[in-house]
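Enquirer: Mind having a look at this structure? Questions to follow.
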């Protein structure tokens, strides 16, 4: 995004921005080419010299990502100029051994999985931290009465800990989805020009080399896994944005039950204590659902390689990782050091008829914490 | 019903339309109330007479769904008038035992899961039929050369069977997702007014009575499972629409490699053989992704019951089931009896340099069929 | 929608549901066929007897919309069975004069414009009523101090009248868009089978007969106007939903500055006063943006008639009209009789440093009211 | 910049990337601050020295956009650090005159309009070039028979010129929308902290200084104009993507009626001539509709400044401009030098019964060209 320097930092994290950066994509594509050569060398398909030459050449620092991006316009694929550059780099003799059996989509799809693994790992860590923060609030405020609010009206009491326990549940659930995807669904792609490559030994070796799963079939024309990943990322952002919304509402001046530790300031009103991180998490979620929509829509692609849908996946998935990380990170920052005003919470309960009997809420907290502990121990 | 009679039949199936109909929703809500009374009776929380009265009254035929819908406007919930009508039906004495411990959302969310189970079951059956059709084509045309096409250009040969095997993979993958959801994620909801109900014995009994899972925690404010379901439905529609797009492209007059068994006719051009079902499946998918977007966006709801997001889930999920069924059913009809012109496929291969060496494609077919058989045996 | 009876009434109005109903679509399609025959008769292209026969037969009551909908599945078009039924109805001699020069898309697209005109007219009236309510609040509360809130924090004072004036501006703006569309963009479609019909005299006559504009060119393959209409409808729903959100926030128990005249009740908590209409308007808006997305996406259709995109327009536009009407109507009901607590508004202003100096706000009210009066006088 | 260097160039143009870049946003925000000081000086509200100091300091080169972006995270607004930096730059004495009467949103919203003007100007020029290319094809191929295709089946003949004339109409229509928006709707924003600033003389002067319109009311809480702009941009991208889809279909190996002048190459299949630009335009359109959805959804913001929705507008609109430019530019490049095979077009007409009688098509071309000429003369 051109607005990456100005608006970007609010909507992502530096770690994620790096993990899905152009440079990271380039590195992942080169890693694929190097791994392919490596396993082909091991199987005697290309010479040891070719392997050595290719592996040495697959150094991201040798390539100009900006130039590659501009050259990509001509073929609607960054792999075309990349392979050309790589062939040039290895010299005329080794050139035919570069990118052997592979097609553009093999490179990009496999790189997408490598990028995704790194992106998921960042999210898993950030979600663990966010879950810890939720668990912490849930335990500390297990018995702190707060008005339960339905349809934006005070209903009956719950506890702030129970609210946090439900947040925790949403975060853990999202995390399970991403962890499951990472475990089962990150598969190498090696289908060749039209997805008919069936050399399962080579695919298996390549998968192992890249630490990816071996797919049942080449998946260049069956995009389920990309759509699933998109859904899980949007769900992750949604679980975070739900917390952000609740906190923004609780932090309203008239409610005043929480204050974020590092409120945002105003350019014109010095007294304001804006829940800046909540706002950013919500904006990130709005962007996340939009990108997920692109990726769901991209499932219906033409024949053996889609003419538009596939190409929309690359920036959409990249951006989706970025804003999902932003939603999670801002929500984590928002909860960290959150000032909870238990007195105010009790005062807001209002009329006598909603006198706090919060045993059920506390029991739910215990249950949630039990699940959390068990899950984190694994 | 606006557009349901005129445009609806093209975009859904009668089975699914019935499974997610207003009447089905009503029946599911009443089933929840009856089950709740039953288990509460079993636990001695309400009297046997009350149970009998409530169960007898929970007969959908006794209620006017149109009237309920209009009365629902006043409270943004059909449960408010439904519970009032149910209380009236059981008489003054039993009335207090109706809907005990429950809130509107418990009724609707649990009903949503019951509706979803029925909807998923229809889809699982239709997907099995669609998978069978794909497998059939894959096997029959395991060695039938066809041009592999990338970016809408003829690339290198594959086999028509391999195309069908990839379709099969997409369908099986979608089916796995739905089957897994049905197995693990269809959970009862019983949280009470603000989601603090923790009577796990009652929840467990109710879950068993409704043949739903017992959730870790009440999920009224953690909508992950609804969003997941939405994603899986959209992915299912997408896997079907991918096939529909391929067939529509293969059926083009200039390509003419397939003709659908029951082509659509034109109001002005008698010679036309329109791939009507493919068109309908594609339209259904466009609608499906939109509804999935609503459901992903609905994750960020306010506090213990959302003020708008939750209410958007009901029609969105209903419509999503409908159009997903439409996408699958039309694709199945499209493939059933599909006329495959192997001679034309070979002729279209074009230049000599893409002479068919389709061993890899055939091997992939074998692999896909193996997976299919194993999976269907389970 | 199958949920039309149960969930539908909350999300639309009876008027709009009727205006875009299956029956309305059928009537509009028949109106097109009758008008086409009429002008063709006038130009001597078909006989007077044929005209009389066709016009008499184009009576919606004679057709079974459910049957047509089911027959439509075979051809992905309700026009195919409709024309067949119409030809049958007029008898063998007149049959060839039915649907002359026209194609399915001419019928549906022109009917879409007729439907849209009726739908827009309902919205223009409802928007005028909503604007009146906003203007009324703006004037009455021109000088009633209320906290201006930014980022969900109390900022500096404004007046409640100024809030209403900004709402008014959003509504008027949306109304201008729809009125402009109604005036300039509702065009007949008569392009024949592949959109090459250029008989501008016939098109002009037909346009006049149907009180639609004559388009520059047949628009079957240039869907700008449908996408524009979709955008305007979503914007209309958005302008209403913005008001609904503000009212829902002001009606929060802790803010308590407004109470809706007819609050919704709870199935479990008698003390609650839920802003039911605000909730419904917000749900309707979420659905509206999704349908608008379908219609924007449908612009990219194949050649002279799209294979999926066009077909998705019919239910999407129908639903979009419905939910837009729902968003507007619920917002209007919400504002009608809204109880405004000026004392509470002042109390909520909080700290002394935001003492009300609300002259600017009052001046904006005057400006908005001036614009409103001038605009409504036209 | 994630994906901006690698995938970005395919999806935008260098001109547009610059026009909506971080630097452009920074310059626009500074231009607002300088203009505000200038008009306030002219009205005697701040001293001449203050004006001179502020204007001199509003030099984008003096600011570090990366640092501002990172500092923006803390307050969810880049204006907070920008104003702080600007105040520091002008020195203690002039500092209080900086950003007087304004709030963050005034700066960003006005800057958004300045950015949008530049973005629209680029699009208007590119659309004029694209219209010229369409008009050129329409005239040259006014009488070149080609199969009209409906539902992806050959229907009846039209002319290739008529296809191009319809493309032209879509492009002109989109261009009218953008031109009208540029003329009427690009309005300055100066509402102060809560949108109550009513100093219409100052607003009028500021509007003139920035060459923007004076809005009826401050529009910080009525986002119609942003949503409208989003819709028009998506419609523009859609009009281009429709052409791209048609060309991609005509360029299919089996149809072969056109070949793009600069086909893309494959990393594995030297014989391929991929319609790379068409593919890129289609991908750009998919991304455009998603961003438009974000901007439509952002209409429903909280009170006087939204807590998430507004913040999502900045990156969404920026990206929408970028991908719309990409869709238009790639489509233009695709049509430029397009090789049209009239012989093949005639051969593809197929069966005798669709012998070309293309007078209507030619007449439509004449009409379209007449409109085009008249419009471009203005």
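The values are calculated or read from the model by the stated rules, or taken from the named source; none is laboratory data. None of the values given here were measured: they were computed from a predicted structure. Ideal geometry is used to build each Cβ from the backbone, glycine not excepted, and the neighbour counts take in all protein chains shown.
Enquirer: Whether any residue in region D:217-224 is more than 9 Å from chain C (Cβ to nearest Cβ), in contact (Cβ under 8 Å) with a residue 12 or more places away in the chain and either crowded, with 23+ Cβ neighbours inside 10 Å or over 22 Å from residue A:268 (Cα atoms) (or both) is what I want to check.
Expert: no
Enquirer: Scan region D:187-202 and give yes if some residue there is under 19 Å from the mean Cα position of the chain (by Cα), within 11 Å of chain C (Cβ to nearest Cβ) and more than 30 Å from residue B:294 (Cβ to Cβ), otherwise no.
Expert: No, region D:187-202 contains no residue that is under 19 Å from the mean Cα position of the chain (by Cα), within 11 Å of chain C (Cβ to nearest Cβ) and more than 30 Å from residue B:294 (Cβ to Cβ).
Enquirer: Would you list the helices (runs of 4 or more DSSP H) that sit entirely within region A:1-68 and hold 2 or more residues that are within 14 Å of chain D (Cβ to nearest Cβ)?
Expert: Values: elements: A:8-11, A:14-19, A:22-42, A:48-57.
Per the criteria, A:8-11, A:14-19, A:22-42.
Enquirer: In the list C:300, C:368, C:281, which residue meets the criterion of being within 12 Å of chain B (Cβ to nearest Cβ), farther than 30 Å from residue B:106 by Cβ and surrounded by 19 or more Cβ atoms within 10 Å (Cβ to Cβ)?
Expert: C:300
Enquirer: Still on this structure, please answer the following. Residues in region D:78-101: is at least one within 14 Å of chain C (Cβ to nearest Cβ) and without any contact (Cβ under 8 Å) to a residue 40 or more places away in the chain?
Expert: Scanning region D:78-101, I find at least one residue that is within 14 Å of chain C (Cβ to nearest Cβ) and without any contact (Cβ under 8 Å) to a residue 40 or more places away in the chain, so the answer is yes.
Enquirer: Just one of (1) more than 7 Å from every other protein chain (Cβ to nearest Cβ); (2) part of a helix (DSSP H, G or I) trips up residue A:261, so point out which.
Expert: Every condition holds for residue A:261 apart from (2).
Enquirer: Also, I was wondering about something else. Against the condition farther than 17 Å from residue D:171 by Cα, buried (at least 24 other Cβ atoms within 10 Å of the Cβ) and at pLDDT 95 or above, how does residue D:213 come out, does it pass?
Expert: Numbers: farther than 17 Å from residue D:171 by Cα: yes; buried (at least 24 other Cβ atoms within 10 Å of the Cβ): no; at pLDDT 95 or above: yes.
For residue D:213, the condition - farther than 17 Å from residue D:171 by Cα, buried (at least 24 other Cβ atoms within 10 Å of the Cβ) and at pLDDT 95 or above - is not met.
Enquirer: Test of understanding: among B:106, B:101, which residue is surrounded by fewer than 24 Cβ atoms within 10 Å (Cβ to Cβ), within 21 Å of residue B:26 (Cα to Cα) and out of contact with any strand residue (DSSP E or B) (no Cβ under 9 Å at 6 or more places or on another chain)?
Expert: None of the other options fit; the residue is B:101.
To keep it simple, each residue is scored yes or no on (1) touching a residue at least 60 places away in the same chain (Cβ under 8 Å); (2) within 7 Å of another protein chain (Cβ to nearest Cβ); (3) farther than 30 Å from residue B:347 by Cβ; (4) over 18 Å from the mean Cα position of the chain (by Cα).
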residue: B:252; (1), (2), (3), (4): no, yes, no, yes
residue: B:288; (1), (2), (3), (4): no, no, yes, no
residue: B:296; (1), (2), (3), (4): yes, yes, yes, no
residue: B:312; (1), (2), (3), (4): no, yes, yes, no
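Enquirer: Here's a follow-up. Restricting to region B:110-154, what's the tally of residues that are within 16 Å of residue B:168 (Cα to Cα) and within 12 Å of the chain's Cα centre (by Cα)?
Expert: The initial filter retains those residues of region B:110-154 that are within 16 Å of residue B:168 (Cα to Cα), namely B:123-142.
Checking which are within 12 Å of the chain's Cα centre (by Cα) leaves us with B:123-127.
Residues flagged as within 16 Å of residue B:168 (Cα to Cα) and within 12 Å of the chain's Cα centre (by Cα) within region B:110-154 amount to 5.
Enquirer: So is residue C:361 free of Cβ contacts under 8 Å to residues at least 40 places away in the same chain and crowded, with 16+ Cβ neighbours inside 10 Å or not?
Expert: Considered against the rule, which asks whether it is free of Cβ contacts under 8 Å to residues at least 40 places away in the same chain and crowded, with 16+ Cβ neighbours inside 10 Å, residue C:361 comes out as no.
Enquirer: Moving to a separate point now. Taking residue C:130, is it more than 8 Å from every other protein chain (Cβ to nearest Cβ) and at pLDDT 95 or above?
Expert: In short, yes.
So that you can scan it fast, the table gives a plain yes or no per residue for (1) buried (at least 22 other Cβ atoms within 10 Å of the Cβ); (2) in contact with a helix residue (DSSP H, G or I) (Cβ under 6 Å, 6 or more places away or on another chain); (3) free of Cβ contacts under 8 Å to residues at least 40 places away in the same chain:
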| residue | (1), (2), (3) |
| --- | --- |
| C:7 | yes, yes, yes |
| C:12 | yes, yes, no |
| C:16 | yes, yes, no |
| C:26 | yes, yes, no |
| C:34 | no, yes, yes |
| C:39 | yes, yes, no |
| C:46 | yes, yes, no |
| C:52 | no, no, yes |
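Enquirer: Right, here's the next one. So residue D:27 ticks every box in (1) under 21 Å from the mean Cα position of the chain (by Cα); (2) over 28 Å from residue A:274 (Cα atoms) but one. Which box is left unticked?
Expert: (2)
Enquirer: I've got another one for you. Kindly evaluate residue B:336 against the criterion of being more than 12 Å from chain C (Cβ to nearest Cβ) and more than 30 Å from residue A:163 (Cα to Cα).
Expert: For residue B:336, the condition - more than 12 Å from chain C (Cβ to nearest Cβ) and more than 30 Å from residue A:163 (Cα to Cα) - is met.
Enquirer: Continuing with this model, one more query. Going residue by residue through region A:139-149, is there one that turns out to be crowded, with 24+ Cβ neighbours inside 10 Å, more than 12 Å from chain B (Cβ to nearest Cβ) and closer than 24 Å to residue A:243 by Cβ?
Expert: yes
Enquirer: Examine region B:206-216 for a residue that is in contact with a helix residue (DSSP H, G or I) (Cβ under 7 Å, 6 or more places away or on another chain), within 30 Å of residue B:284 (Cα to Cα) and not in a helix (DSSP H, G or I), and state whether such a residue exists. Even if it seems obvious, please write down each step before you answer.
Expert: First, the residues of region B:206-216 that are in contact with a helix residue (DSSP H, G or I) (Cβ under 7 Å, 6 or more places away or on another chain): B:206, B:209-210, B:212-214, B:216.
After this cut, where a residue has to be within 30 Å of residue B:284 (Cα to Cα) as well, the list is B:212.
From what's left, not in a helix (DSSP H, G or I): B:212.
Scanning region B:206-216 turns up at least one residue that is in contact with a helix residue (DSSP H, G or I) (Cβ under 7 Å, 6 or more places away or on another chain), within 30 Å of residue B:284 (Cα to Cα) and not in a helix (DSSP H, G or I).
Enquirer: Keeping to region D:228-248, report how many residues are closer than 16 Å to residue D:150 by Cα and either touching a residue at least 60 places away in the same chain (Cβ under 8 Å) or outside any helix (DSSP H, G or I) (or both).
Expert: Residues flagged as closer than 16 Å to residue D:150 by Cα and either touching a residue at least 60 places away in the same chain (Cβ under 8 Å) or outside any helix (DSSP H, G or I) (or both) within region D:228-248 amount to 4.
Enquirer: Can you name every residue in region A:154-205 that is surrounded by fewer than 22 Cβ atoms within 10 Å (Cβ to Cβ) and part of a strand (DSSP E or B)?
Expert: A:187
Enquirer: So which helices (runs of 4 or more DSSP H) are wholly in region D:278-377 and hold at least 2 residues that are within 18 Å of residue D:124 (Cβ to Cβ)?
Expert: Here the list reads D:309-335, D:359-377.
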